[in-house]
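Trainee: The structure's right below; bear with me while I get my questions together.
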Amino acid sequence: MSLTFELDPEVTPARRDQLLRLWAEVSNAGGSVGFVPPVTEEDVRPELLRHLAQMAEGRTRLLAGLDEQGRVSAAAFLVPNRHRLMRHWIWLYTVMVHPARQGEGAGRALMDAVAQAAAGLAGVRGIRLTLRGGTGLERFYGACGYKEVGRVPDAIRVADDDLRDDVTMWLTLS
């Protein structure tokens, strides 16, 4: 059961709902995608709409992993850097794989597709992402070729008594 990856797919109402459901389910499974469980689709909706508006303005790109029925089962948002001295790299945000697809290589396939998509963008030589420390994501991204290049201790407040590091990772594209 492999996924097919598509950069800048048409976001129909059905696909929008699939993204919304994916984001909520990943969040509720403990995924570090901007929320702390429990969340509802209505909690996630404003953030998804912000991403979709940025896509419509050409400021954000969606890479969707589609299952055999064409449903979104994985996703990541690529954001070109607008600063004139930093246009040679992109930001990677909100990397998600449906919990039912985790453990079968879908995350690694998504990250390979991200690197391939980024390498196909004119002048892009690197990918930068940040993550919530304490989740094991450093190991996952490290296995995908990313290197930790920075860490801000206790920068993310998950709960009053739970502060996490904000970790920056980098992938150099060849």
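The values are calculated or read from the model by the stated rules, or taken from the named source; none is laboratory data. Bear in mind that the values here come from a model prediction, so they are computed numbers and not experimental data. Cβ coordinates were reconstructed from backbone atoms using ideal geometry, including for glycine residues, and neighbour counts include every protein chain displayed. The accessibility values were calculated without ligands, DNA or RNA, using every heavy atom of the protein model including side chains. Shrake-Rupley method; radii C 1.70, N 1.55, O 1.52, S 1.80 Å.
Trainee: Just give me the residues in segment 146-161 being surrounded by 16 or more Cβ atoms within 10 Å (Cβ to Cβ) and either of a type in the set (Ser, Thr, Tyr) or not in a strand (DSSP E or B) (or both), in sequence order.
Mentor: Passing the criteria: only Tyr146.
Trainee: Let me ask you something else. Read through the list (1) of a type outside the set (D, E, K, R); (2) in a helix (DSSP H, G or I); (3) surrounded by 15 or more Cβ atoms within 10 Å (Cβ to Cβ), then give the number of the only condition that Gly142 fails.
Mentor: Among (1) of a type outside the set (D, E, K, R); (2) in a helix (DSSP H, G or I); (3) surrounded by 15 or more Cβ atoms within 10 Å (Cβ to Cβ), Gly142 violates only (3).
Trainee: Still on this model: Give me the residue from segment 4-24 that is assigned to a helix (DSSP H, G or I) and open to solvent by 70 Å² or more (accessible area, probe 1.4 Å) and, out of that set, farthest from Leu121 (Cα to Cα).
Mentor: Arg21
Trainee: Under 8 Å by Cβ, and 6 or more places apart or on different chains, what pairs join a residue from segment 98-123 that is farther than 14 Å from Asp8 by Cβ with one that is among the basic types (Lys, Arg) and open to solvent by 70 Å² or more (accessible area, probe 1.4 Å)?
Mentor: That search, which allows pairs on different chains as well, returns Gly123/Arg87.
Trainee: Considering only segment 128-139, state which residues are on the phi < 0 side of the Ramachandran plot and open to solvent by less than 80 Å² (accessible area, probe 1.4 Å).
Mentor: Keep residues of segment 128-139 that are on the phi < 0 side of the Ramachandran plot, which gives 128-133, 135, 137-139.
Within segment 128-139, Arg128, Leu129, Thr130, Leu131, Arg132, Gly133, Thr135, Leu137, Glu138 qualify.
Trainee: Another question, then. Of the residues that make up segment 162-174, is at least one assigned to a loop (DSSP other than H, G, I, E, B), surrounded by 15 or more Cβ atoms within 10 Å (Cβ to Cβ), hydrophobic (A, V, I, L, M, F, W, C) and more than 15 Å from the chain's Cα centre (by Cα)?
Mentor: yes
Trainee: Another question, then. Considering segment 105-123 alone, what residues qualify as being among the aliphatic types (A, V, I, L, M) and open to solvent by 20 Å² or more (accessible area, probe 1.4 Å)?
Mentor: Hits for segment 105-123 are Ala109, Ala115, Ala119, Leu121, Ala122.
Trainee: Test each condition in (1) closer than 16 Å to Ala113 by Cα; (2) without any contact (Cβ under 8 Å) to a residue 60 or more places away in the chain; (3) among the hydrophobic types (A, V, I, L, M, F, W, C) for Met55 and report the one that comes out false.
Mentor: (1)
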